[in-house]
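The next block holds one structure in the form of structure tokens; read it before the comments.
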Amino acid sequence: MSNAADTPVLSARGLRKEHGKGEGLVRAVDGVDLDVSAGETVAIMGPSGCGKSTLLHLLGGLDRPSAGEVSLNSRRIDNISEKALARMRRTDVSYVFQSFHLMEELSAMENVELAALLAGRSPRVARRRAEELLDQLGLAGRARFLPSALSGGQRQRVAVARALSNEPLVVLADEPTGNLDSDATLDVLQLFKDLHESGQTLVIVTHDARIAATADRKFSMRDGVLVDETLLTGGTTGQLGALVGLED
Amino acid sequence: MGRILLVIRLALRDLRRRRTEAALLLLAILAATTTLTLGLVLRDAAGAPYQSTRAATRGPDVVANVGRAADLAELGKLATASGVTEHSGPYPVLAGKLEASGRTSDVQVEGRDATIAAVDQPQVRQGSWVSDGGVALEATFADSLEVGVGDSVTLGGRSFKVVGVAVTAAMPPYPGASCIVAAGCINGAIPDDRNLPAGLLHNPGLVWLTQADVLSLASDRSSLSYVMNLKLAAPDEAQAFVDRNGGDHGGAIPMQTWESILADATDLARDSQILLLIGAWLLGLLAVASLSVLVGGRMADQTKRIGLLKAVGGTPGLVAAVLLAEYLLVAVVAAAAGLMIGALTAPLLTESSAGLVGGAGTASLTWSTIGLVTAVALGVAVVATTVPAVRAAQSSTVSALADAARPPRRTGWLITLSARLPVPLLLALRVTARRPRRVVLGVVSIAVTVSGIYVLVVLNAFLGDQPGTGAYTEAQVAVLRHVLLVWTVILLSLAAVNAIVITWATVLDNRHASALARALGATPQEVTVALATAQVLPALLGAVMGVFPGGFLLFAAINVITGGDSDKATLPAPWQLIALVMATVLVVAALTSVPAHLGGRRPVTATL
């Protein structure tokens, strides 16, 4: 299911994730093949419980597959140690979660710099990078606010800034607009469009058609299987882009 | 009535649902109630052998003595005083020195009739009663000298054959004997630089000869004192009899009641009791710390249940009552079990003195003991649970139903400081900063434990020197060592439970933060080390505070309560204190490593 002629930055082959045993066996992900090229945005859509989030966890090494392979930059990551996976998450893959997952006791700035500090950057470098990202995302004035004092959209932007802190190869976003109201959703849609345009590789799990419309390719998922692939030339185009208010 | 039943039913259901936590709660309160019961019943348990001895030897209710023959008439008047039903004596008593097994000891030599006395007829445990040329020794004194029937001893330059070893209730066993000679006596250790007045007896033993032998040993009649044993119609009013007849120590006729002899005979039990009561209060503090952490964790777990109770019409009062009832039920069970265990094991911690008949029996629990132990158990539960229970009951129903976690505390300076540290320390400091109250409980718990250990080290060293000083015999030292052992085992067990419980509560509370840190690139090992370090840092602080000022203050408090002299004790050397702190930190690290390891490896996706 790949259209990329060049070497994919993220690749999955025969990926499977099973829960339970015997009659209670559930295949959350059932034989998924997927290639994501550098700079590409891929959207995965499907109903709740179809295995989208599980697939995203497998792609980023947060969970181990029952079978199959996952490679990042041509390097297998499904069979490496937890420690190696953790190091990979510091620099190569980062996540944006539906419910933001910000540390409540840390300010916006401290949340963003945490990823850089965990990656071993000096406090000064981490702080500078966080300031830069918050400034780019229009949150410079909110840097010292705690998450509880930010709106949903602002919290998600902080989470995105954190994900970009270590300049990862791939950003994996799990329902990034799932907890947002309409205005905040448009805000985040614009943010992902900007990321796409800047060449950031993105895999977005969503059941929001508007955000899927910003992708280069869109997959539909049912019962753990990718059942359909749609090529969206050049990302957000035509009537859909106008519909969601991203294009004139 | 219906509401009470509902509260109890809900409380019981929840306890059954969380059996491990309920068991830990029970264990924490049980440790405190058992120790407190031991302390309270020890005196009664220790008194049992004296009562047996009193019954077996027709023990006197009052022992009166005079220092010169001229006062014999006064002593005679006592025999016919109102309230006296029987008497024996007056018997002549001589201060002397006894040589046996190459040792010389001070003795009070009492001249007795070979026939059976109506009051205070010592019970012979070996051999026979006195006869001319034969001496009977008080049993503990004989044990101490390692002298038995058939051996020879020298008294006043004359050789006597040991014909018997006997026990009496007219005097506390050696080395706590009361003084019935005019020369005066002193018991206990004497500083090397202090000279005793000439003739004063030091730790005198008691021996019996026939009156004829005592008179023949006396250089002249003026060297003799006299003792008389009285039986009263109302033994419980012995002190009133002494007051009425102008006696008691320092009075015209020195008199001693059976109650004061009992008190002296159970002196050791009093020391044990003080140690156990102090231990009980320390364990009570530890139990409050345990409970606070456990209750905090359970309340966090029960948020949704509280929301449901309120959603179906439970008032804040009913919710608080249900939450409190759980802990009060556990406290009542712990009090009952503590009372039973304490009463049954108390006799194991009392001296089975050779100087008394029979061993210490099972002390019957008094109502005051039952009341105090129950009150302490309930008090510990109430102190630890009221605030979280009321807070939970007053929380918003909507947020409770949403199972919203209590927001963590932000400590800005610690977050800034931690940014400069390696990843495990960075995470550890932030874990610590999230729940400062729990950190305080951890510090207090370790400080209390280390203070207790400090005192144990001092007392252990002190007891090690005792057999040589004469304040305690080897058997008594063994008894006190048993008491200290019980202290140590219970204290360390509860401290270990605390360390594990606090770590597990931290693991649970930080499961989201730990999972997020791992999603951002922290390794499981770094998270494990962080969770363990978050316990070790407070443990280090607690251990240092436990030595100073904790240990010093506790030891000073014990000295004030017991009237002890801290100069007699050897305080631990600096290297011992450093070793104690380091050992504490290592033990905490070891205890917390397993829960921290489990917490560091929880599946990230399941948590997030």
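The values are calculated or read from the model by the stated rules, or taken from the named source; none is laboratory data. Note that the structure is predicted; figures quoted are calculated from it, not measured. FYI the Cβ positions are ideal-geometry reconstructions off the backbone, even for glycines, and counts take in every protein chain you see.
A few notes on this one:
- Helices (runs of 4 or more DSSP H) fully within region B:253-313 that include at least 2 residues being at pLDDT below 70: B:267-301.
- Evaluation of A:Arg144 against (1) of a type outside the set (S, T, N, Q); (2) part of a loop (DSSP other than H, G, I, E, B); (3) more than 25 Å from B:Ser418 (Cα to Cα) (one fails), failing number: (3)
- Boolean, B:Val149 is buried (at least 18 other Cβ atoms within 10 Å of the Cβ), touching a residue at least 24 places away in the same chain (Cβ under 8 Å) and either in contact with a Leu (Cβ under 9 Å, 6 or more places away or on another chain) or β-branched (Val, Ile, Thr) (or both): no
- Filter result for the condition that a residue is touching a Leu at 6+ places or on another chain (Cβ under 9 Å) and in contact (Cβ under 8 Å) with a residue 40 or more places away in the chain, over A:Leu172, A:Leu139: A:Leu172
- Residue match in region B:497-518 (condition: surrounded by fewer than 24 Cβ atoms within 10 Å (Cβ to Cβ), without any contact (Cβ under 8 Å) to a residue 60 or more places away in the chain and not polar (S, T, N, Q)): no
- The residue pairs whose first member lies in region B:582-607 and is within 14 Å of another protein chain (Cβ to nearest Cβ) and surrounded by fewer than 21 Cβ atoms within 10 Å (Cβ to Cβ), whose second member is modelled with pLDDT of 85 or more and assigned to a loop (DSSP other than H, G, I, E, B), and whose beta carbons are closer than 6 Å, counting only pairs six or more residues apart or on different chains, are B:Thr605/A:Leu62; B:Thr605/A:Asp63.
- Filtered residues of region A:127-140 (kept if at the interface with chain B (Cβ under 9 Å from one of its Cβ atoms) and either among the acidic types (Asp, Glu) or within 27 Å of A:Pro8 (Cβ to Cβ) (or both)): none
- Verdict on A:Met103 being surrounded by fewer than 24 Cβ atoms within 10 Å (Cβ to Cβ) and modelled with pLDDT under 90: yes
- Region B:152-167: number of residues that are under 40 Å from the mean Cα position of the chain (by Cα) and closer than 22 Å to B:Ala212 by Cβ: 6
- When A:Gly199, A:Gly138, A:Gly153, A:Gly178 are screened for being outside the structural domain of A:Met45 (by TED's automatic domain parsing) and either in a loop (DSSP other than H, G, I, E, B) or among the basic types (Lys, Arg) (or both), only A:Gly138 passes.
- Hey, A:Val42 aliphatic (A, V, I, L, M), within 12 Å of chain B (Cβ to nearest Cβ) and in contact (Cβ under 8 Å) with a residue 60 or more places away in the chain or not: no
- Odd one out for A:Leu180, checked against (1) crowded, with 20+ Cβ neighbours inside 10 Å; (2) under 15 Å from the mean Cα position of the chain (by Cα); (3) closer than 17 Å to A:His101 by Cα: (2)
- Residues that are at pLDDT below 75 and either in a helix (DSSP H, G or I) or within 33 Å of the chain's Cα centre (by Cα) (or both) within region B:183-215 comprise B:Asn187, B:Gly188, B:Ala189, B:Ile190, B:Pro191, B:Asp192, B:Asp193, B:Arg194, listed in sequence order.
- In summary, A:Arg124 fulfils each of the numbered conditions (1) in contact (Cβ under 8 Å) with a residue 24 or more places away in the chain; (2) of a type outside the set (Val, Ile, Thr); (3) within 14 Å of chain B (Cβ to nearest Cβ) with the single exception of condition (1).
- Considering the conditions (1) in contact with a helix residue (DSSP H, G or I) (Cβ under 9 Å, 6 or more places away or on another chain); (2) within 12 Å of chain B (Cβ to nearest Cβ); (3) not polar (S, T, N, Q), A:Leu169 is excluded by exactly one of them, (2).
- Segments classed as strands (runs of 3 or more DSSP E), wholly inside region B:38-132, with at least 3 members that are among the β-branched types (Val, Ile, Thr), surrounded by 22 or more Cβ atoms within 10 Å (Cβ to Cβ) and not assigned by TED's automatic domain parsing to the domain that holds B:Leu365: B:62-66
- Qualifying residue in region B:518-531 (condition: touching a helix residue (DSSP H, G or I) at 6+ places or on another chain (Cβ under 7 Å) and more than 14 Å from chain A (Cβ to nearest Cβ)): yes
- Condition met for B:Ala557 (within 15 Å of B:Gly452 (Cβ to Cβ), out of contact with any Asp or Glu (no Cβ under 9 Å at 6 or more places or on another chain), assigned to a helix (DSSP H, G or I) and away from chain A (no Cβ under 14 Å)): yes
- From the options B:Ser451, B:Ser514, B:Ser493, residue that is assigned to a helix (DSSP H, G or I) and within 14 Å of chain A (Cβ to nearest Cβ): B:Ser514
- Residue in region B:159-167 that is within 12 Å of B:Val107 (Cα to Cα), part of a strand (DSSP E or B) and among the charged types (D, E, K, R) present: no
- Between A:Ala159, A:Ala173, the distinction of being closer than 25 Å to A:Met88 by Cβ, under 12 Å from the mean Cα position of the chain (by Cα) and in a helix (DSSP H, G or I) belongs to A:Ala159 only.
- A count restricted to region B:497-530 and to residues that are among the β-branched types (Val, Ile, Thr) and at pLDDT below 90 stands at 7.
Conditions (1) of a type outside the set (Gly, Ala, Ser); (2) buried (at least 18 other Cβ atoms within 10 Å of the Cβ); (3) at pLDDT below 90, marked per residue:
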| residue | (1), (2), (3) |
| --- | --- |
| A:Thr54 | yes, yes, no |
| A:Leu59 | yes, yes, no |
| A:Asn73 | yes, no, no |
| A:Ser94 | no, yes, no |
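- For A:Glu105: the one exception among (1) free of Cβ contacts under 8 Å to residues at least 12 places away in the same chain; (2) at the interface with chain B (Cβ under 10 Å from one of its Cβ atoms): (1)
- Residue, surrounded by the fewest Cβ atoms within 10 Å (Cβ to Cβ), within region B:409-429, restricted to residues that are assigned to a helix (DSSP H, G or I) and facing chain A (nearest Cβ under 8 Å): B:Ile415
- Residue tally, condition within 14 Å of chain B (Cβ to nearest Cβ), in contact (Cβ under 8 Å) with a residue 60 or more places away in the chain and among the hydroxyl-bearing types (Ser, Thr, Tyr), over region A:63-102: 4
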